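S.K.: One structure coming up, written as structure tokens, with questions to follow.
The values are calculated or read from the model by the stated rules, or taken from the named source; none is laboratory data. The model shown is predicted, which means the values in this text are computed figures rather than measured ones. Glycine also receives a Cβ, built like all others from the backbone with ideal geometry; neighbour counts cover every protein chain displayed. All accessible areas refer to the heavy atoms of the entire protein, side chains included, with ligands and DNA or RNA removed. Shrake-Rupley method; radii C 1.70, N 1.55, O 1.52, S 1.80 Å.
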Amino acid sequence: MSNKEQFIANLIKSMTLKEKIGQMIQYGRVNEDTVRIIKEGMVGSFLNCKGASYINSLQKIAVEETRLGIPLLFGDDVIHGFRTIFPIPLAESCSWDLELMRESARIAAIEANSEGINWIFAPMVDVTRDPRWGRIAEGAGEDHYLGKLVAKARVKGFQTIKEDGKPISASCPKHFIGYGAAIGGRDYNSCDISENYLRSYYLPPFKEAYAAGALTTMCSFNDLFSVPLSVNKKLLRNLLRDELKFKGIIVSDWQSIRETINHKVAENKKEAAYKALIATCDIDMHSGIYRDCLEELINENPELEKLIDEGVERILSVKYDLGLFDNPYVDENKASHVILSGSHRDHARKMASKSIVLLENKDNLLPLSDKKQKIALIGPFAGDKENHLGCWSWKGNKDDIIAIDEALRNNLKYTEIYIEQGCDFVNNDNNGINQAVKLAAECDIIILALGEPRSYSGEAHNRVNLNLPGLQEQLIAEIVKLHKPTIALISSGRPLILTDIKDKMDAILWTWHLGVEAGNAIYEVLFGINNPSGKLTVSLPKHVGQIPIYYNHKATGRPYAQKYVDCDDNPLYPFGYGLSYTNYTYENLKLKQDEINIDEELSFSIDVTNNGNITGEEVIQVYFNDHFGSTTTAVKQLCGFKKVEIKPHETVTVEFTIDTKEFGLYNENNQFVIEPGTFTLYVGTNSNDCLEAEFKIINK
Ligand code: NOJ
């Protein structure tokens, strides 16, 4: 036994049943009774507590005034920054820059920890193919390969090792599992995915997050295989514990153990507690079920106490790994030094700038130059601050945001900026539109700052209309009558339908909800301080009726058949798409060998030339297709990428090595296999525009 194991075993031996159950209880709200509950050892963790001194005061009670002095965990939803709000995770993923994403997570953890948080309920690693679902904002888009790398980067960032050798915080990849497949994009809804799809698409980011050392995980609200996850023995105990060997804490989602009664799989609280315990759900987040029922349950079934011991062991182990037994308190002077510090803001600016995706740029209207000219900045985002915070940014403060108008005015010397809101997101009053048109008529360039408010995405904020809400489309219709150079900035928490707008704009930048440095990042891209390099990590549909639409769909028996009579089945912009102020040529896709054994790697290179006069960063994307397999596979599947800086007129030869494991599939028995056969390799600038080469996998 290691010292740690010995320490925990001794501690468990000295705990009463009540104290053990206490470790498995988490409260989301603190009230007058809190002090008593802590003193009696009837709670092991909290969420939603605020402030270093307050959290220290609660911790002090646990450590100094309880029989065993077991420290508390304090969890929180630090989804894209704590106070320094970064772009929403979906936006960050469009940077394809894993190091930057890791840094966002690290900074978020530092700021959160300075306020006492030692457990972060992130990253959300749910793959989703449905932009109606409001939580698409929290993830890394539709692809599981990119999703797994982003999951790893974020886990590593949140769990960055401090000087004392301990992680800053425990991360909590969520929501295990299938949550992103909520039927109809309705949050909390059932999902219905086969085991093959589960293993092929939804599981990989979780596996990667656990392999990266995630100390905890959260199970999801939904049911899958007709059992809600909090009580799903097959998925928690058999898959997550036994097969994936996950040894960390499983925490339920908010009240989700109790909600199994609403799901109609538990007749009462005691049955819910029993099923959750059997499934190995260690912590009950704020449903009171473990508090109310576990003791009685164990008294009636003493043989179940060993499950309690196992759960408590996992909880104490995380507390031990975080160093809380030795160092339970946070430094109360730290927050004022780290929160919103200069370097954190610098990172927010860089991250935001790299998250922007350039979709259109007719006649190279962008980048603009700062000269004597008048710009009309029009639209609900023109002077707005709050909505750049995006969903899940409750420690964010709108006063920290640099708005677009502010950034343009601060940074431009010669250009004059005039602003009109035109319309907001909800009102139907078109007086503002007339004002805006009047202003635009007097200006040289029009920038339309459009989008959806932050309250339209995030948990329980789904949409059926993925249009620009309010009178924004009418605003566009009036503005384009002026026939002036017009740029659209689209700030949103999800893909929106731009089909009717695309051709009317001279340039379109997808600016998502970019966080505190939104305005500066947008200024930098508009004026070419930064050359945009973001690429979409979700397909942008042409029509809501196409949803779900995603690039890595399966080959069907009738690929030539039109899927709709009134629309084709291509997205408006494909996965991986994004322009730059320069352009690139891809040539000489050279395979090192066109036949590899099943246990070898595929190596190849490609020449990419920057044809323009400015430096750019290009995300070189690698996809493959398996010609024939024992089960159906994707028409194209991402299996590698590199983001490379290329100087003007420079050609770089980019080398790739890909493990054959990436070319495997789940067979009819849901076993992972690498099947010999012929494959096509695609390398290009997005999922549609690629060079191709063939290779074979053999089994010598
Ligand atoms: C519900 C959400 O689904 C989850 O993501 C979050 O961490 C918890 N509530 C706690 O706030």
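S.K.: Please verify whether G640 is open to solvent by less than 50 Å² (accessible area, probe 1.4 Å) and either outside any strand (DSSP E or B) or touching a helix residue (DSSP H, G or I) at 6+ places or on another chain (Cβ under 6 Å) (or both), treating the condition exactly as stated. So that I can check it myself, show each step before the final result.
M.R.: Details: open to solvent by less than 50 Å² (accessible area, probe 1.4 Å): yes; either outside any strand (DSSP E or B) or touching a helix residue (DSSP H, G or I) at 6+ places or on another chain (Cβ under 6 Å) (or both): no.
Considered against the rule, which asks whether it is open to solvent by less than 50 Å² (accessible area, probe 1.4 Å) and either outside any strand (DSSP E or B) or touching a helix residue (DSSP H, G or I) at 6+ places or on another chain (Cβ under 6 Å) (or both), G640 comes out as no.
S.K.: Would it be correct to say that N410 is open to solvent by 10 Å² or more (accessible area, probe 1.4 Å), outside any loop (DSSP other than H, G, I, E, B) and farther than 28 Å from N430 by Cβ?
M.R.: Values: open to solvent by 10 Å² or more (accessible area, probe 1.4 Å): yes; outside any loop (DSSP other than H, G, I, E, B): yes; farther than 28 Å from N430 by Cβ: yes.
Yes, satisfied.
S.K.: Does Y623 fit the bill of being crowded, with 21+ Cβ neighbours inside 10 Å, of a type in the set (S, T, Y) and at pLDDT 95 or above? Before you say what the answer is, go through the steps one by one.
M.R.: On the way: crowded, with 21+ Cβ neighbours inside 10 Å: yes; of a type in the set (S, T, Y): yes; at pLDDT 95 or above: yes.
So Y623 fits the description; yes.
S.K.: I would also like to ask the following. For the list (1) within 16 Å of the ligand (Cβ to nearest atom); (2) within 30 Å of I136 (Cβ to Cβ), I need the number of the one condition that T84 fails.
M.R.: Of everything listed in (1) within 16 Å of the ligand (Cβ to nearest atom); (2) within 30 Å of I136 (Cβ to Cβ), T84 misses just condition (1).
S.K.: Go through region 71-97 and count every residue that is open to solvent by 20 Å² or more (accessible area, probe 1.4 Å) and farther than 23 Å from V338 by Cβ.
M.R.: The number of residues fulfilling the criteria is 0.
S.K.: Just checking, does region 141-150 include any residue being within 16 Å of the ligand (Cβ to nearest atom), assigned to a helix (DSSP H, G or I) and either open to solvent by 10 Å² or more (accessible area, probe 1.4 Å) or in contact with a Lys or Arg (Cβ under 8 Å, 6 or more places away or on another chain) (or both)? Quick ask: steps written out before the conclusion?
M.R.: Pass one, region 141-150, residues within 16 Å of the ligand (Cβ to nearest atom): none.
Taking every residue of region 141-150 in turn, none turns out to be within 16 Å of the ligand (Cβ to nearest atom), assigned to a helix (DSSP H, G or I) and either open to solvent by 10 Å² or more (accessible area, probe 1.4 Å) or in contact with a Lys or Arg (Cβ under 8 Å, 6 or more places away or on another chain) (or both).
S.K.: I'd like the full set of residues that are under 22 Å from K306 (Cα atoms) and open to solvent by 60 Å² or more (accessible area, probe 1.4 Å), limited to region 256-269. Please lay out each step first, then the result.
M.R.: Looking only at region 256-269, we keep the residues that are under 22 Å from K306 (Cα atoms), and these are 257, 269.
Within region 256-269, K269 is the sole residue that qualifies.
S.K.: Being part of a helix (DSSP H, G or I), within 16 Å of the ligand (Cβ to nearest atom) and open to solvent by less than 20 Å² (accessible area, probe 1.4 Å) narrows it down to one of I117, I107, I136, so name that one. Let's see the steps before the verdict.
M.R.: Values: I117 fails: part of a helix (DSSP H, G or I); I107 fails: within 16 Å of the ligand (Cβ to nearest atom).
Criteria check complete, one pass: I136.
S.K.: Report yes if some residue within region 661-668 is open to solvent by 40 Å² or more (accessible area, probe 1.4 Å) and in a strand (DSSP E or B); otherwise report no.
M.R.: If we filter region 661-668 for residues that are open to solvent by 40 Å² or more (accessible area, probe 1.4 Å), which is where we start, we get 661-662, 668.
Adding the requirement that they be in a strand (DSSP E or B) leaves none.
For region 661-668, residues open to solvent by 40 Å² or more (accessible area, probe 1.4 Å) and in a strand (DSSP E or B): absent.
S.K.: Then there is this: If K50 meets every condition in (1) touching a strand residue (DSSP E or B) at 6+ places or on another chain (Cβ under 8 Å); (2) open to solvent by 20 Å² or more (accessible area, probe 1.4 Å); (3) within 15 Å of the ligand (Cβ to nearest atom); (4) in contact (Cβ under 8 Å) with a residue 40 or more places away in the chain apart from one, which number is that one?
M.R.: Here K50 meets the rest and fails (1).
S.K.: Do you know which of the residues in region 168-186 that are touching an Asp or Glu at 6+ places or on another chain (Cβ under 7 Å) and more than 13 Å from the ligand (Cβ to nearest atom) is least open to solvent (accessible area, probe 1.4 Å)?
M.R.: Out of the qualifying residues, it is G185.
S.K.: List the number of the failed condition for I596; all other conditions in (1) within 30 Å of the chain's Cα centre (by Cα); (2) assigned to a strand (DSSP E or B); (3) within 23 Å of S200 (Cβ to Cβ) hold.
M.R.: Failing condition for I596: (1).
S.K.: Is it the case that region 388-399 has a residue that's within 30 Å of G180 (Cα to Cα), in contact with a Pro (Cβ under 6 Å, 6 or more places away or on another chain), open to solvent by 10 Å² or more (accessible area, probe 1.4 Å) and among the aromatic types (F, W, Y)?
M.R.: Residues of region 388-399 that are within 30 Å of G180 (Cα to Cα), as a first pass: 388-398.
Now narrow it down to the ones that are in contact with a Pro (Cβ under 6 Å, 6 or more places away or on another chain): none.
Within region 388-399, not a single residue is within 30 Å of G180 (Cα to Cα), in contact with a Pro (Cβ under 6 Å, 6 or more places away or on another chain), open to solvent by 10 Å² or more (accessible area, probe 1.4 Å) and among the aromatic types (F, W, Y).
S.K.: What residue, among those in region 1-22 that are more than 38 Å from the chain's Cα centre (by Cα) and closer than 16 Å to I298 by Cβ, is most open to solvent (accessible area, probe 1.4 Å)?
M.R.: T16
S.K.: If you check I193 against the conditions, is it within 21 Å of F575 (Cβ to Cβ) and not in a helix (DSSP H, G or I)? Walk me through it before giving the result.
M.R.: Details: within 21 Å of F575 (Cβ to Cβ): yes; not in a helix (DSSP H, G or I): yes.
When the stated conditions are applied, I193 passes them.
S.K.: Now, a different point. Suppose we filter region 187-199 for residues that are within 16 Å of the ligand (Cβ to nearest atom) and in contact (Cβ under 8 Å) with a residue 60 or more places away in the chain; how many remain? Quick ask: steps written out before the conclusion?
M.R.: Taking region 187-199 and keeping what is within 16 Å of the ligand (Cβ to nearest atom), we get 187-191.
Next, only the ones that are in contact (Cβ under 8 Å) with a residue 60 or more places away in the chain stay: 187-188.
Adding up the residues that qualify gives 2.
S.K.: Oh, and also: Has region 16-24 got at least one residue that is touching a strand residue (DSSP E or B) at 6+ places or on another chain (Cβ under 9 Å) and part of a helix (DSSP H, G or I)? Lay out the reasoning, then the answer.
M.R.: Filtering region 16-24 for residues touching a strand residue (DSSP E or B) at 6+ places or on another chain (Cβ under 9 Å) gives 23-24.
Imposing the further condition that a residue be part of a helix (DSSP H, G or I) reduces the set to 23.
Within region 16-24, one or more residues are touching a strand residue (DSSP E or B) at 6+ places or on another chain (Cβ under 9 Å) and part of a helix (DSSP H, G or I).
S.K.: Give me the pairs: first residue in region 131-145 and at positive phi, second residue buried (at least 24 other Cβ atoms within 10 Å of the Cβ) and assigned to a loop (DSSP other than H, G, I, E, B), beta-carbon distance under 7 Å, and six or more apart or on different chains, which are they?
M.R.: From residues that are at positive phi, the pairs are G141/T537; G141/V538.
S.K.: How about region 200-314: which helices (runs of 4 or more DSSP H) wholly inside it have at least 3 residues that are within 16 Å of the ligand (Cβ to nearest atom)?
M.R.: Working: elements: 204-211, 259-262, 269-279, 289-300.
Result: 204-211, 259-262.
S.K.: Just name the residue that is nearest to the chain's Cα centre (by Cα) out of those in region 451-471 that are buried (at least 24 other Cβ atoms within 10 Å of the Cβ) and on the phi < 0 side of the Ramachandran plot. Give the steps one after another, and end with the answer.
M.R.: At the first step, the residues of region 451-471 found to be buried (at least 24 other Cβ atoms within 10 Å of the Cβ) are 451-452, 454, 457, 468.
Those still in the list that are on the phi < 0 side of the Ramachandran plot too: 452, 454, 457, 468.
Details: E452: 18, R454: 16, S457: 13, L468: 23 Å.
Step by step, filter region 451-471, then rank; the result is S457.
S.K.: To continue, here is another question. Answer yes or no as to whether A112 is open to solvent by less than 20 Å² (accessible area, probe 1.4 Å), at pLDDT 95 or above and either assigned to a helix (DSSP H, G or I) or closer than 13 Å to I168 by Cα (or both). Spell out how you get there, then give the answer.
M.R.: Details: open to solvent by less than 20 Å² (accessible area, probe 1.4 Å): yes; at pLDDT 95 or above: yes; either assigned to a helix (DSSP H, G or I) or closer than 13 Å to I168 by Cα (or both): yes.
Here the answer is yes, as A112 does meet what is asked.
S.K.: Condition first: of a type in the set (K, R) and crowded, with 18+ Cβ neighbours inside 10 Å. Now tell me which residues in region 279-318 satisfy that. Please lay out each step first, then the result.
M.R.: As a first pass, look at region 279-318 and keep what is of a type in the set (K, R): 291, 306, 314.
Selection gives R291, R314.
S.K.: From the residues in region 360-387 that are in contact (Cβ under 8 Å) with a residue 24 or more places away in the chain and in contact with a Lys or Arg (Cβ under 8 Å, 6 or more places away or on another chain), which one is surrounded by the fewest Cβ atoms within 10 Å (Cβ to Cβ)? Working first, answer last.
M.R.: Within region 360-387, the subset in contact (Cβ under 8 Å) with a residue 24 or more places away in the chain is 360-384, 386-387.
Still in the running and in contact with a Lys or Arg (Cβ under 8 Å, 6 or more places away or on another chain): 360, 370, 386-387.
Values: E360: 19, D370: 13, E386: 15, N387: 23.
Top of the filtered list is D370.
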